[in-house]
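The values are calculated or read from the model by the stated rules, or taken from the named source; none is laboratory data. On a predicted model such as this, the values are computed, not experimentally measured, just so you know. Cβ atoms come from the backbone with ideal geometry, glycine included; neighbour counts cover every protein chain shown. Each accessible area value is taken on the protein alone, full model and side chains, heavy atoms only, with ligands, DNA and RNA left out. Shrake-Rupley method; radii C 1.70, N 1.55, O 1.52, S 1.80 Å.
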Amino acid sequence: MSAIDQPVRKKDAMALVTGKPVYTQDIAPKDCLVVKLLGSPHAHALIKEIDIGPALQVPGIECILTYKDVPDSRFTLAGQTYPEPSPYDRLILDQRLRYVGDAVAIVAGENEKAVEEALDLIKVQYEVLQPVLDFRRALDHEVIIHPEENWKSLAPVGADNRRNLCASEEVEYGDVDQVISECEWIIEQTYHTKANQQVMMETFRTFTHLDTFGRLVCVSSTQVPFHVRRILANAIGIPKSQIRVIKPRIGGGFGAKQTAVSEIYPAIVTWKTGKPAMIIYTRRESFTSSSPRHEMEIRVRLGADKEGIIRGIDVYTLSNTGAYGEHGPTTVGLSGHKSIPLYGKVEAFRFGYDVVYTNVMSAGAYRGYGATQGCFAVESAVNELAAKMQMDPVRIREINMVRQGQVMPAYYGEKLNSCALDRCMAKAKAMIGWDDKYPCKDMGNGKIRSVGVAMTMQGSGISGVDTASVSIKVNDDGFYSMSIGATDMGTGCDTSLAQIAAECLDCSVENIIVSGVDTDASPYDTGSYASSTAYVTGNAVVKTCAALRQRIKAEGSAQLGCPVEDIEIDGEKVYRVDTDESISLKDLANGAMCGNSNALSATESFSSPVSPPPFVVGMAEVEIDKETGKVDLIDYVAVVDCGTVINTNLARVQTEGGIAQGIGMALYEDIKYTEKGQMVSNSLMQYKIPSRLDVGTIRVAFESSYEPTGPFGAKSIGEVVINTPSPAIANAVYNGVHVNIRELPITAEKVYMGMHKEK
Amino acid sequence: MIINIWLNGRQLTREIEADLLLIDFLRNNGCYSVKRGCETSNCGLCSVLLEDKPVLSCSTLAARADGKHVYTLEGLQPQAEEFGSFMADQGAEQCGFCSPGLVISVLAMEKELNNPSDEEIKEYLSGSLCRCSGYMSQLRAIKLYLDRKGAQEYERN
Ligand code: FES
Ligand code: FES
């Protein structure tokens, strides 16, 4: 039986559902020092004086570090391939504080009470500076957030710290102004998406200790162990050879843990004291001092001819990276590169952006990574175009959508080898009953039911950059152990990659044991982000299995005394095609452990020149209260083309989960600050995420294309699934009450105000 | 102060600080299945059974459990495995960090509600947040599990 396209149980499933101690905090040594941070009360300030004397007197306090105790060389916390596009703009502790919560001091002690007491006793005198809080006014503001001389940008991303500019670019294809000026129908609108928290249930956490050889061991809930090794070396100023990073089970990441939010603090404590140390972020700290989605304001101009063919798209994005530039230069690119190419008849486009520093918490990576923001803007603009033309928003997509075989100028000129977007649209339409329900129905009880649509794409890894390596070896009795550097963070890649290996090696999934990730032992992988695991690491598995099969065949040919061309493997045995003479894999494997000099193992790496896009069509049915403007989600249909589905359960649940997160973003998630830059929404009380009562019914289906460059035809699925809810729900609201919501989230107040303004 | 707790069926006597939270008491005593996801009683990750009723151990003082029975998944392994295998078959645990709290609540719900509707299930479990799954797979697992339990009951009678 094939191992692909099956609902295989996750290898760690039973351990997780029975509550086994497998997460970072569960496995930490009991004698770890408790590490906590003193956060800045000001959005922008300089430390004039800091007195730690009284705090050091608290019994049980082991060390207190301030900016005077840490290296003065800047680095980035972004988990990206070197040379990172994100600027080197951080210190472990800095004299200048750039947002409320920015670390002022690190305190480590024997227990939490002592540490809390010491935190209270640290006396700081601040020189309070004017903060820059409006990202629309940040560029060339008189206040410079990173005036320091040793600020550094490693990559040509158009950054200029003297202008509060983290990145800037403009690309144009064809003459977009000319093309749009010739169009019958033009839409020009600005859309605003807010910063959102990932809210993985396990907050940021790390413990560190020194091993037998005096090396720094860092066990962390991270998506990017190999990048963390480099980041720690940069931050502490020690050789990478002195660091080992281990990833246990992770309680969710969604991109948050693609930034080394928590690692540097216990690491420097352990390095200075020689003692084990652990930091566990409270939920509040996870909200106030972490790495949320970039807030963006996106201006879209589109032009269509009288039939509704979209001929030109012009997108400009202003992105708010906050106090530091983690993922600033890269997230913004996706707002155009993953939204414009969906429209296959576009003759000209322009995409420009600026990414600016402000005095709020640094943004980072969150599932969707800029594509989500761009999707809301461009899909909303297309919906507004359809409305203006009095055309069905499904119809306008049907006549404009990109098709398999097309070259996509707005997607790095890649050719689209696999695309079932048309089938996704047809299926979604049938599932939700679009033709019956569009645009809306008055329920007669003060409520209106209406439907809305959006479509989206993402990538599968970062082309030419992401690198995955896999090692597989044959053990006694012929079972395989596979080492991967990709990080399973609940996504199930330890299982889905084993399915790919089992398919390649004609064996059962149970016959493949998987281990990852320990930077000392695992083969290199950039990590689990950018929707890379199934496609990039999956391809590395295929390549490694092919190499291993060759080695097994070579061993078989030696044992069976024939040329290797005459040898075949069927999973159980190695046999001669000419005589049928065979040796079981078990005997071969056991034999290889005695007097053998041919290692039955293989390691291969893979990197892709292309990043084939998966697609989703999302349709929402909502119920709007005409009295209050309240929007309830009734039904959400998502139809996905992720190429071949590797694990049917995991793909479905990833989709349902991504849609639920997208619903939160659409309807209520919003990081709010006071006018002084203090975060208001710093708990689950104020920052509400969807509960099981809020998501309506989420229904998912797959319409698979076959991606010729993917492992068994697979593309990615992790991120693309979060993008459609905001524009689809906004569209449903418009179709119900003729209000265009252009700023997320779609709250009752905004809908109510819109209903009363436009009347 | 000194407290006596029946933890997972075994009696424990411990000297504790009066303000010690039950969640910390439990984790200090090896019950690592109990997770913390917030400080505001919003997530349900820390759910345990106190005298057979689900409580949030993050907002319960350990002292309140003095003389009482507390169960965590460490003491409910067969039950966790039974329901958990339905979760596993749906892929309803992704990161799994919310799973122990959910399993506790489902075991309690099973005792309290007879033949619950989808809406009643969602209502009963609304305090258990999950950021990974979107909840649908959990609902599928719960319904299949309750159906099977119901069928077994029926056969027995
Ligand atoms: S830890 Fe969140 S409710 Fe108890
Ligand atoms: S499975 Fe990750 S929070 Fe529920």
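Between the amide H of A:Leu210 and those of A:Val217, distances stay under 5 Å, these residues lying 5 or more places away or on another chain, with hydrogens modeled in the peptide plane.
Residues in the stretch A:495-504 carry Karplus couplings, in order, of 8, 5, 6, 5, 4, 5, 5, 4, 5, 5 Hz; the curve used is 6.51 cos²θ - 1.76 cosθ + 1.60 with θ = phi - 60°, and Gly or Pro positions show x.
Relative contact order for the stretch A:468-606: 33 percent, from Cα pairs under 8 Å spaced at least 6 residues apart, divided by residue count.
Pairs of Cα atoms nearer than 8 Å and 6+ residues apart set the relative contact order; for the stretch B:2-74 it is 41 percent.
Structure remark: mean-square fluctuation, Gaussian network model of chain B, C-alpha springs under 10 Å; the largest value among B:Ser59, B:Ser117, B:Ser47 belongs to B:Ser117.
Taken along its three principal axes, the alpha carbon spread of the stretch A:83-141 comes to 45, 33, 17 Å, from the longest extent down to the shortest.
Listed cross-link partners A:Lys626/B:Lys35; A:Lys345/A:Lys447; A:Lys306/A:Lys415; A:Lys257/A:Lys388; A:Lys257/A:Lys473 are compared with a 32 Å cut-off, the Cα-Cα value being larger for A:Lys626/B:Lys35; A:Lys345/A:Lys447; A:Lys257/A:Lys388.
Of B:Lys122, B:Lys68, B:Lys111, the residue with the greatest mean-square motion in the GNM of chain B, using alpha carbon springs below 10 Å, is B:Lys111. Of all aspartates and glutamates in the structure, those lying under 16 Å Cα to Cα from A:Lys750, and not within fewer than 8 positions of it along the same chain, are A:Glu623, A:Asp625, A:Glu627, A:Asp632, A:Glu669, A:Asp670, A:Glu758.
Here the 3J(HN,Hα) profile of the stretch B:100-110, calculated from phi with Karplus coefficients 6.51, -1.76 and 1.60 at θ = phi - 60°, is x, x, 5, 4, 4, 5, 5, 4, 6, 4, 4 Hz, Gly and Pro shown as x.
At full extension, A:Asp120 and A:Ala558 could sit 150.4 nm farther apart than now, given 0.36 nm per residue minus the alpha carbon distance.
Between B:Ala62, B:Ala88, B:Ala141, the Gaussian network model of chain B with springs among Cα atoms under 10 angstrom shows the greatest mean-square fluctuation at B:Ala88. Taking label positions 7 Å along the Cα-Cβ direction at both A:Asp305 and B:Thr40, the computed distance is 5.3 nm, reported to one decimal.
Here r is the Cβ-Cβ distance between A:Asn111 and A:Lys68 and R0 is 22 Å; the resulting FRET efficiency, rounded to 0.05, is 0.30.
Here the relative contact order of the stretch B:76-156, from alpha carbon pairs under 8 Å that lie six or more residues apart, stands at 47 percent. For the protein assembly as shown, a Kirkwood radius taken over Cα pairs fed into Stokes-Einstein (4 °C, viscosity 1.567 mPa s) yields D = 45 µm²/s. Phi angles across the stretch A:245-258 convert, under the Karplus curve 6.51 cos²θ - 1.76 cosθ + 1.60 with θ = phi - 60°, into 3J(HN,Hα) values of 10, 10, 10, x, 5, 10, x, x, x, 6, x, 3, 8, 8 Hz, Gly and Pro given as x. Distance between the pseudo-spin-label points of A:Ile513 and A:Gln130 (7 Å out from Cα toward the beta carbon): 6.4 nm. At an R0 of 35 angstrom, the distance between the Cβ atoms of A:Tyr524 and B:Asp118 translates into a FRET efficiency of 0.15.
Ranked from largest, the principal axis spans of the Cα set of the stretch A:409-505 equal 70, 37, 22 Å. Counting, for every residue in B:30-43, the Cβ atoms of other protein chains within 10 Å of its Cβ and taking the mean gives 6.
Taking amide H as placed 1.01 Å from N in the peptide plane, the amide H of A:Tyr126 sits under 5 Å from that of A:Lys48, each at least 5 places away or on another chain. Chains B and A together bury roughly 4200 Å² of accessible surface, counting both sides and using a 1.4 Å probe on protein heavy atoms. If R0 equals 45 Å, the separation of the Cβ atoms of A:Gln404 and A:Asn445 corresponds to a calculated FRET efficiency of about 0.50.
Each of A:Gln189 and A:Ala547 was given a label point 7 Å from its Cα along the Cα-to-Cβ line. The distance between the two points is 5.1 nm. Per-residue SASA remark: B:Leu26, around 0 Å² accessible (1.4 Å probe; ligands, DNA and RNA not included). The orientation-averaged projected area of the convex hull spanned by the Cα atoms of the stretch B:76-156 comes to 5.1 nm².
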